[in-house]
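Read-outs: derived from the displayed coordinates by stated rules, not from any lab. Being a predicted model, the structure only gives us computed values, none of them experimental. Cβ: placed from backbone, ideal geometry, glycine included. Neighbour counts: every protein chain shown.
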Amino acid sequence: MDWNNVDLTSDYERNQDFLTGYSFETLLIEISCNLRDINEKTVRDHCYNELNNRIREAKEIFEANLSNILKDAIKYRDDK
């Protein structure tokens, strides 16, 4: 999927999450695989880093598609 030009007329692309879920299971696997020392600081730092990366990526996808979003929002309002 081209995240830099989402086709908002496509039901499939329109319904894709641009900020994916992050489960406790995922976090625990990452901790187990990626952290040498497991303590409050390392776990917090890892989790916040992962969240910030996902937020940054979601913002990039949003910005890359802002013109498409605006066009679709205006069309949706005009059609109502």
Review point. How about region 7-49: which of its residues are of a type outside the set (Gly, Ala, Ser), under 18 Å from the mean Cα position of the chain (by Cα) and outside any helix (DSSP H, G or I)?
Key: Asp7, Leu8, Asn15, Gln16, Asp17, Phe18, Leu19, Thr20, Tyr22
Exercise for review: Inspect region 9-29 for any residue being under 28 Å from Ala73 (Cβ atoms) and of a type in the set (A, V, I, L, M) and give the result as yes or no.
Suggested key: yes
Point to revise | Per-region count, region 43-65, residues free of Cβ contacts under 8 Å to residues at least 24 places away in the same chain and touching an Asp or Glu at 6+ places or on another chain (Cβ under 9 Å) | key: 2
